[in-house]
Amino acid sequence: ADYSIGISNTVQGNGWREQMICAMRAQALVEDDVSNLIVAHRNTDSAGQLEDLNNLIEAGVDAIVLNPSNPDALNSALEMAMEKGIVVVAVDAGVSAEGAYILSNNQEEYAYLGAKWLFEQVGGKGDIVYMRGIAGVSADSDRDNGFKRALEEFPGINIVHEVFTGWQQDQGKQQMFDYLATGIPFDGVWTSGIDNVIVDAFVESGAPLVPIVGADNAGFVQYLTEVDGLTGAAVTNPGSVGGAGVALAVDILNGKAPAEKTVLVDPVLWENASDGGRATITAAQNPNLDPEWPVSVTVPGWTDYTMDQIIACKGPGDS
Amino acid sequence: MSDIIKKNAWVAGLMALLFVLLILTKAIQPSFGMSGLESVARAALPFAFATAGMAVVVIVGGIDLSVASMMAVCAVTAAVLMERMAGVPAILIVLGLGFVMGLINGGLIVLTRVPDIVVTLAMLFVWEGVALLILESPGGATTEWLKQSIRGSVIPFVPNALAIIAACVALVWIPLRRSKLGISIYATGSDELAAFRSGVAVGRTKIVAYGVCGMFCAFGGLSLASLTGIGEPVPGPYLMASVAAVVLGGVVLGGGRGGLLGPIIAVFILRIVRTILTLLAVDPNVTTIIEGTIMVGVVMLGTAATLRGARK
Amino acid sequence: MNMATTDSSMVRFGRFLRDNPVIPLLAFLVLMIAVLEVIRPGIVTPFRAGRDGLISTFWVGNLIKFAIPLAMLAACQVLTMLTAGIDLSAGIVATVAAFVCATLSSIWGPVPAVLIAMSMGLVVGVVNGIGVGVVRVHPLIMTLGTGLIATGCMQVYQRLVINAGSEIPAVLSWLGTGRTLSMPNGLFLFVPFALFVFWLMRFTGFGRLLFALGSNENAAKLSGVRAWQVYVALYALSGLIAALAGLLYLGMIRQTSLSLASPLLLPSVAAAVIGGTSIFGGRGSFAGAIVGALIIRVLDTMLTLMQMPEGARTMLFGLIILTVTAIYVRITGSR
Amino acid sequence: MNANQILDASGIAKSFGAVKALVDASLSVSEGEIVALMGANGAGKSTFVKIITGALTPDSGKVLIRGKQARVGSPAEARRSGLVPVYQEPSLIPDLDVADNLRLTDTPVAPFERWVKELGIEGLSLSDMVGDLPLATLRILDLARALASEPDVLLLDEMTAALPSDLVERVLKVTRQQADKGMGVIYVSHRFNEISELCDRATVLRDGQTVGDLVIEPGVEDRAVELMLGQRLDLAAREVNTTRGTIGDTPRVRVKGVAIAPKVTDISFDMYPGEVLGVVALEGQGQDELFECLAGFMPPTAGSIEVNGTTTAFRHPADAIAAGVKFVPGDRADALLAQRSVRENIALPFSARMSSWGWLKMRHERERVEHAIDRLQIDTRAQGEVQRLSGGNQQKVTIGRWLATGVETLLLFDPTRGIDVRTKRQIYPLVRELAEQGSSVLFYTSELEEIPLACDRAVVIFNGRVVDIIDAENADEQTLLRAAYGLTAQEGAA
Ligand SMILES: Nc1ncnc2c1ncn2[C@@H]1O[C@H](COP(=O)(O)OP(=O)(O)OP(=O)(O)O)[C@@H](O)[C@H]1O
Ligand SMILES: Nc1ncnc2c1ncn2[C@@H]1O[C@H](COP(=O)(O)OP(=O)(O)OP(=O)(O)O)[C@@H](O)[C@H]1O
Ligand SMILES: [Mg+2]
Ligand SMILES: [Mg+2]
C-alpha cells in the first residue's frame, strides 16, 4: 500500500511534543506502507487545529493522527474525515467523536500515581506544594482530577500552595524561589512536568530538599540519580505515544483494527527511594538526550523504530 | 487624489495576490473545490473578526492588544449561555458584552490618559482572567443551528462563512463609515489635535471605536464557539495575526488611513498560504519561516512600491 | 522677557517628580513590597517570622536576579521605542541565543558557542535594522516577521542537535546562579550594562539621534542625519542586548528550551511602558524600565503567593499594571 | 457698554505649569469691527484665541457673548455660539478629503466653494486629500471653511503669515467686506501694514497682560510697538546695514538651467560669497521645489548645481550640509523635534554624522546653543519642549540651529513667518552679518518689503522660470510685485 498520513499538533517548542513529532516521523519511516507524511505542527487553539485538520482532509490523506487540543472541540472536522473514510487516531488525549480511535497516555492516572507515591513518601500527612500546568487546558484538568482523587485517599495531606507554571521552565523556577523565600516549611512537591528546575531552585537557594515528583524528562531522571539527597519519582508520560499512534493508524488501514476503540497507555512510576527503583532509573537514563525529552523514547509493543531513527527525526520523504 | 489611488491600488494588489494563490492551490491539488474554499473561509472567521476589530482601533489611532482575550471571554460566555438558553438571546447578550468590554477599554484609555498600548496590554490580562473565571476549563456547548450555519453555502459558490464575514462587517462598518461618526474616527486617527479643533468629541469617538472593536471580538468569540462547539478560556493566536493582517491590508499604524476590506483580504491570503503549505507537505518548521518571510516580504514590496510611487 | 515666577510648593513638587519620574515609581515599588509583606509576613523581613535577618537578602537578591534579564530585554524596547519602534523579536532572539549556546557548548566548547550565540542576535538585529531603516517596513511587522523566521530556523536547527545534549558554560552558570555578598552575580554583568545604556542615552550623539528620530524623522533628515544608519545600528544593538540577556537567562535557568525567554517579551514591553517610555517615540528612560521590571517581578511574586483562582490572579495582574501606570501618568502629567 | 458688542473677554489668565501665558488679558469686539490683537512673540495671542474658542480652558476670567456670560467648553460649542477661529497651525485633517473635512464641522458646501473661489484658489476638488495640498492652500481652506459657517466673530491667528502677497490681498479684501456686513473680526498679525490697512482698533498684549487699546490712525504704529515691547523702537529707521556684498569671480552656488518636474522648468542664477540673494515669487511658482532641491531633498530633473565650482548631485540633505548648504524650511513643523528641548533642537546637527555618535561635547554644545539663543532672543521660558514655545519662538529655533553650527550657504525659506517686529529687526542685520562674514544667503520671503531690507539682489520666479533679477536699490514693492506677476518678463533674463 501507499498511505498518506496527516499529523496535527497544537503545541510547538516543547520537548515533549517535539519528541512526539519525531516519534511519528520515525514510525512512519519504518512502516513500509507509508509513503507520505504531512505534519501540521504549530502553536494554536482548537479553531486552528480545525483549520489544520480540514487542510489535511483537503490534501487527501488516508489517516490522521492528532494530539487533540480538546476532546470535544474538533468533532466537526473529525466527523467529516471519517465520513470520507479517513482513519482518525487521537494520541495523548481522547476525542469524543464517534468512531475515532484513541491511543492515549492516561493523564488522570499519571497524576494519581505520582501524587499517591508522594503522599505515601511523606508519611500520609504533611504540606504539599502543587505545581500545575496551564489553567484551562484539558490535560491540566485531567491531571487535576487524578491528583484530587489521590488527595481524597490521604486526609492528612494539606495543599499549602497551588500554582500554575504555564509549563514554562523559567516561570516554575521563579515560583519555587518565591515560595522558598517565604520560609514557610513544606514536605513535598508535585510538579506537572516542570521538574528539574525545581530541583535547581532548592539546590541554588540552599534549602533542604524534599521529595519531588516529576515526569520522565531526561534532565529530571538524571537528577534522580545524581543529586545528593534528592528523593523523587518520575512518572512516565512518553511522547513516543505519537509513534504508537502512527503504528495503530497503519494497522487499521491494513484491516487490523483493534477490538477496542480506546487504548490507554498507563504510566509507570520510577522512584529513587528503593534499590529496585534506582536500577530502573539508571537503566532508563540517557544523558545525551535533550533534557526536555522524555527518556522513554519508545512504546514497547507499538513502536518499531530505533533510538537513532527517532533522534534523526526524519519521516518518509525527508532527505 | 493620488492617495485614494494608492490606497485602492494596494487593495487591488492584495485581491490579485489572493486570486493567484487560489489558482495556485487548484494547481497543486486539482480536487480543491467548494469544500476547500469553505474550510478556508471557516478558518478565516475568527481571524477576520479579530482583524476587523483591530483595524477599527488602528484607524482611530490606537491599538488593542486585548482582542484575543476578549474573544475568549465572548466564546466562553456564549458556550455557557447556550447551554441554558436559546441561541438568539445568547448571541445578543454576547454581542452586547463584547461592545461593553470594548467601551471599557476605550473608556479607560480616555479617562486615565494612559497610552492605548499600555491599557490594552493590562486589559489583555484582565479579560483573560475573566474568561478563566467564567469557565475554568474548556466546556459549555454551542447551539446546534449556529454550528451548522457556518458550514456549507446557501448562496451558490459563496461559502456561508464568507457570507457571514461580509454581512457582519458590512452591517457594522458601512453605515458607520458613511456616518459622521465614521469620519470622526478617521479624523481622530489622522490628527487628534486638529480633530478636536474641528469640533470632534475626540474622547467619545475613541471610546466608540473601541466599542466597535469589542463588538467584532464578540463576533470572533461567537465564531470560535460555533467552530469548536464549546468555549475555551485560553486566548488563541489572534493578537499578532490581526496586527499583521491589518498592516498587510494597508491600514497605517498610527491611524487615519485604510479601510476594512484590505485587512480582510489579507486574512484570507494568510489562511490560503497555510493551506498551500499543508497541501505541499512542507515541513512545519519551514512553514513558520515561510509565513514570517511572506509577512515581511509583502510589506517590504508594498513600501518599496509606495516609496517609488511617491518619488515620481 | 523673564517673568518672576513664584511657584507654590505643590507645583514645584509636581515639577520635581516630572523631572525625576523614577521617584514615584520607586515609591510604588516600595508600596508593593509592603503589601507583599502584609500578605506573607516574614518574606521580606524574616525577623517577623522568627527567622534571622532584618531584611531577607535572599529574597532581595532573588528579586533582583529575576528582574535582570527582564530589564535587559526592556532595554531593547526602551531603545527602539525612542525611535517610535519596538523589538518584538527580542524574546525569540534571547531564546535562540540561549539554545544555540547550550547545544554548541557541548560540541565546540563555550567560547565559540557564546560568540556564535551573540552573532545570532547581531544577524537578526541587522536584518531588522535594514528592514526598518532601508526598506522602511514598520518595526512591529519587521520584528514580528524576523521573530517568526528565527523561531522556524531554531526549530529546524533543533532537530539536528537532539542528541548533542546540552551544556551550560560555567561563566554563565556563575553569573546566573552564583551570589556574591548575597547579591546575584548577574549584577556584575548588569551594572556595567545599565551604565552603558544610561551613557548611550544621555551622553552620546547616538542617543540624541534616537530621541530625534522618534520626535520627527524629517527634522533629523533636514539636519543631515542619515536615518538608516541609525536604525541599523540601533536594531543591531538591540539584537546583541537580547542575545546577551538570553545567555544570562540560560545561566539562571540552566535548562534549554525552545521557548525559554519568549514569555519575557510582553513583560519587557510592560516594564518599558510602566517606566515612562512612550511607544510613540521621543521619550523614555532606562532607569524607569529597571524599576518597571522590579515592579513586575514583585507583582509576580505577590500573585504567586496569593491563594486565589488563576483567573482572579491574572485579572489582578492586569488591573495593578493599569493602576500603577494610571497613577503615574496622573502624578507626572506625562503620557 | 456698546449695544453692538458681540464678544467681551476680560481678566483671562492661563498658566502652563510654570509658564504664565496669560495673566490678565481682555478684549472686546463689536459688530462690523476689526480688532487687531498685537503682541511680541510669546505674548499670549494664540493662547487667548484658543481660550475664546474653547480649545483651551482658562484658569480664570470671564467671557460675555452679547452681554451674557458664556462658558465655551469646546471648539464645537464655540462654533455654535458663532465664534469661529482660524488657528495659527492648520486644523484640517490630513487624511480626509476636503468634503469629509467639511462634514466634520457641519460646514455647508456651496458657500464654502464660493469662498474658495473668492479667495483665489483655482482647481480645488472636494475629493482632494487634504494632506496633499500645499500649506498656503490649507490656510485659505481653513478660512473659507470658517467663513462658510457665517460666524458672528471670526478669529484669524496669523492667517496671512504663510501666504504669498497675492493671496494676502484677497484675504484682506474679503475680511473687510465681511466686516462691512456686520461680522466682528479679531485679527492677529505681526504685519503693521496689514493692520493699518484693515483694522479699526488694536488691543495690545504684553507678557500675557492687556496693556493698551488703540484706535488705528496714521502714526499709531510707534505707540503700538512701545506698548508691545515696553520700550521704544524707531520704526522709521528702516535702513538696516547698508554694506552690500561684493560680487566676486567664482560663485558660491551656481544654478544652471535647473528643472524639477513638474513645476520648475528653467532656473538659473549665481550666488556669490558675501551676498544675500532674495527670491520673489507668488504662491506655487516652484520656489518650494527649488529650495528643497538645493537642500538635497530631491535631485533636479535637468540642469546642474555647482557649489564652489564643483558640480554636485545631492542625494540626501546630509550631502548638501557636507557641501556647506543649509536649509531652514518654511513649515517649522518639518524642522522641529516637538517634544525635545530647545537645546537639543539647536544642537541636532552636531550629532548627525556617524563620526560624532560618541561622547557629546557638552561644553562646546552649550556655548554654541546659548550664543544662538542670545542672538535670536528666543524666549526660553518653556524650553523643555519646543512644542510649548509660541509660534514665533519656534521659528527662531529653526534658524538658531544653523547659527550654532556656522554656515557657508544658507537657504532661508520665509524665515520671518510669524516673527514680531523687534525680532525681524534683529534677523535682517543677522542675515547681513552672515553675508559680511562671507556666507551666501538665499532668502525667500512672502513679505516683499523685506527684500530691500536684507538682500543685495532678488531673483524673480514666475511659472517655474526666472523672469528677472533685480538689484536691491530698485527693488521697491511695486516693482517686485509687477515682476512677480510676470508683467515685466524680460526674455532671456539670466
Ligand atoms: N467584509 C466585506 N465584505 C464585503 N464587502 C466589503 C467588506 N468590507 C468592505 N466591503 C466593501 O468594500 C468597500 C470599501 O471598503 P472600506 O469601507 O473598508 O474601505 P474605505 O477605505 O472606507 O473606502 P471608501 O474610502 O470608498 O469609503 C465598502 O464600501 C464595502 O462595500
Ligand atoms: N502647551 C503649552 N505648554 C507650555 N507653555 C505654553 C504652551 N502653549 C503656549 N505656551 C507658552 O505660552 C506663552 C504664550 O504663547 P502663545 O502661543 O500664546 O504666544 P503668541 O503671542 O501667539 O506668540 P507668537 O506671536 O510667537 O505666535 C509662550 O511663552 C509659550 O511658550
Ligand atoms: Mg477608508
Ligand atoms: Mg501665536
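The values are calculated or read from the model by the stated rules, or taken from the named source; none is laboratory data. Note that the structure is a prediction, hence the values are computed from the model and not measured. Quick reminder, even Gly has a Cβ in these numbers, built from the backbone with ideal geometry, and neighbours come from all protein chains shown. Calculation scope for accessible area: heavy atoms of the full protein, side chains included, ligands and nucleic acids excluded. Shrake-Rupley method; radii C 1.70, N 1.55, O 1.52, S 1.80 Å.
So the values come out like this:
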| read-out | value |
| --- | --- |
| Residue match in the stretch D:399-408 (condition: on the phi < 0 side of the Ramachandran plot, within 16 Å of ligand 2 (Cβ to nearest atom) and in contact with a strand residue (DSSP E or B) (Cβ under 9 Å, 6 or more places away or on another chain)) | yes |
| Filter pass, D:Leu214 being more than 16 Å from ligand 1 (Cβ to nearest atom), more than 14 Å from chain C (Cβ to nearest Cβ) and either under 17 Å from D:Glu31 (Cα atoms) or not in a helix (DSSP H, G or I) (or both) | yes |
| Unmet requirement for B:Pro175, which otherwise passes all of (1) part of a helix (DSSP H, G or I); (2) within 16 Å of ligand 3 (Cβ to nearest atom); (3) open to solvent by 30 Å² or more (accessible area, probe 1.4 Å); (4) under 18 Å from B:Val299 (Cβ atoms) | (4) |
| Which listed residue is within 30 Å of C:Val156 (Cα to Cα) and open to solvent by 30 Å² or more (accessible area, probe 1.4 Å), from C:Ser268, C:Ser262, C:Ser238 | C:Ser262 |
| Some residue of the stretch D:420-433 being in contact with a Lys or Arg (Cβ under 6 Å, 6 or more places away or on another chain), more than 11 Å from ligand 2 (Cβ to nearest atom) and in contact (Cβ under 8 Å) with a residue 40 or more places away in the chain | no |
| Pairs where the first residue, in the stretch B:181-206, is hydroxyl-bearing (Ser, Thr, Tyr) and the second is open to solvent by less than 40 Å² (accessible area, probe 1.4 Å) and within 16 Å of ligand 4 (Cβ to nearest atom), C-beta under 7 Å, 6+ apart | B:Ser198/D:Ser91 |
| Residue ID - nearest to the other protein chains (Cβ to nearest Cβ), chosen from residues in the stretch D:51-86 that are surrounded by fewer than 23 Cβ atoms within 10 Å (Cβ to Cβ) and within 16 Å of ligand 4 (Cβ to nearest atom) | D:Ala55 |
| Search result, residues across the stretch D:107-127 that are on the phi < 0 side of the Ramachandran plot, in a loop (DSSP other than H, G, I, E, B) and out of contact with any Leu (no Cβ under 7 Å at 6 or more places or on another chain) | D:Thr107, D:Pro108, D:Ile121, D:Glu122, D:Leu124, D:Ser125, D:Leu126, D:Ser127 |
| Verdict on A:Arg143 being surrounded by fewer than 21 Cβ atoms within 10 Å (Cβ to Cβ) and part of a helix (DSSP H, G or I) | no |
| Test result for D:Leu96, modelled with pLDDT of 90 or more and buried (at least 16 other Cβ atoms within 10 Å of the Cβ) | yes |
| Meets criteria (within 15 Å of the chain's Cα centre (by Cα) and either within 14 Å of chain A (Cβ to nearest Cβ) or within 24 Å of B:Val58 (Cβ to Cβ) (or both)) for B:Phe196 | no |
| Breaking point among (1) closer than 22 Å to B:Leu65 by Cβ; (2) at pLDDT 85 or above; (3) not in a loop (DSSP other than H, G, I, E, B), for B:Val299 | (2) |
| Filter result (more than 7 Å from chain C (Cβ to nearest Cβ) and within 17 Å of the chain's Cα centre (by Cα)) within the stretch D:320-341 | D:Val328, D:Gly330, D:Asp331, D:Arg332, D:Ala333 |
| Flag if B:Ala209 is among the hydrophobic types (A, V, I, L, M, F, W, C) and either more than 16 Å from ligand 3 (Cβ to nearest atom) or surrounded by fewer than 24 Cβ atoms within 10 Å (Cβ to Cβ) (or both) | no |
| In the stretch A:232-257, the residues that are in a loop (DSSP other than H, G, I, E, B) and open to solvent by 40 Å² or more (accessible area, probe 1.4 Å) | A:Asn254, A:Gly255, A:Lys256, A:Ala257 |
| Helices (runs of 4 or more DSSP H) wholly inside the stretch C:1-94 that include at least 2 residues being modelled with pLDDT of 90 or more, over 25 Å from C:Gly129 (Cα atoms) and more than 9 Å from every other protein chain (Cβ to nearest Cβ) | C:22-39, C:57-82 |
| Sole residue being under 25 Å from B:Pro237 (Cβ atoms) and assigned to a loop (DSSP other than H, G, I, E, B), chosen from B:Gly62, B:Gly53, B:Gly36 | B:Gly62 |
| Single residue of D:Val407, D:Val386, D:Val431 found to be more than 21 Å from D:Tyr87 (Cα to Cα), open to solvent by less than 10 Å² (accessible area, probe 1.4 Å) and more than 16 Å from ligand 3 (Cβ to nearest atom) | D:Val431 |
| Those residues of the stretch B:147-167 which are open to solvent by less than 20 Å² (accessible area, probe 1.4 Å) and either within 16 Å of ligand 4 (Cβ to nearest atom) or out of contact with any Lys or Arg (no Cβ under 9 Å at 6 or more places or on another chain) (or both), in sequence order | B:Ile165 |
| Check on D:Glu306, acidic (Asp, Glu), more than 30 Å from C:Phe203 (Cα to Cα) and either open to solvent by 30 Å² or more (accessible area, probe 1.4 Å) or not in a loop (DSSP other than H, G, I, E, B) (or both) | yes |
| Filter pass, A:Tyr110 being closer than 23 Å to A:Gly243 by Cα and among the aromatic types (Phe, Trp, Tyr) | yes |
| Candidates C:Ala270, C:Ala236, C:Ala289 - the one that is free of Cβ contacts under 8 Å to residues at least 60 places away in the same chain and either more than 13 Å from chain A (Cβ to nearest Cβ) or on the phi > 0 side of the Ramachandran plot (or both) | C:Ala270 |
| Test set (1) at pLDDT 85 or above; (2) open to solvent by 20 Å² or more (accessible area, probe 1.4 Å); (3) within 16 Å of ligand 1 (Cβ to nearest atom) - B:Val234 fails condition number | (3) |
| The stretch B:30-78, subset more than 19 Å from B:Ala161 (Cα to Cα) and among the small types (Gly, Ala, Ser), residue farthest from ligand 3 (Cβ to nearest atom) | B:Ser31 |
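Rundown of residues vs (1) facing another protein chain (nearest Cβ under 7 Å); (2) over 16 Å from the mean Cα position of the chain (by Cα), yes/no style:
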position: A:Asp127; (1), (2): no, yes
position: A:Ser141; (1), (2): yes, no
position: A:Gly146; (1), (2): no, no
position: A:Phe154; (1), (2): no, yes
position: A:Phe164; (1), (2): yes, yes
position: A:Gln169; (1), (2): yes, no
position: A:Gly172; (1), (2): no, yes
position: A:Leu180; (1), (2): no, yes
position: A:Gly183; (1), (2): yes, yes
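For every residue, the table says whether it meets (1) touching a residue at least 24 places away in the same chain (Cβ under 8 Å); (2) crowded, with 20+ Cβ neighbours inside 10 Å; (3) polar (S, T, N, Q); (4) assigned to a strand (DSSP E or B).
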position	(1), (2), (3), (4)
A:Ser69	yes, yes, yes, no
A:Glu79	no, no, no, no
A:Val88	yes, yes, no, yes
A:Gly94	yes, yes, no, no
A:Glu98	no, no, no, no
A:Gly114	yes, yes, no, no
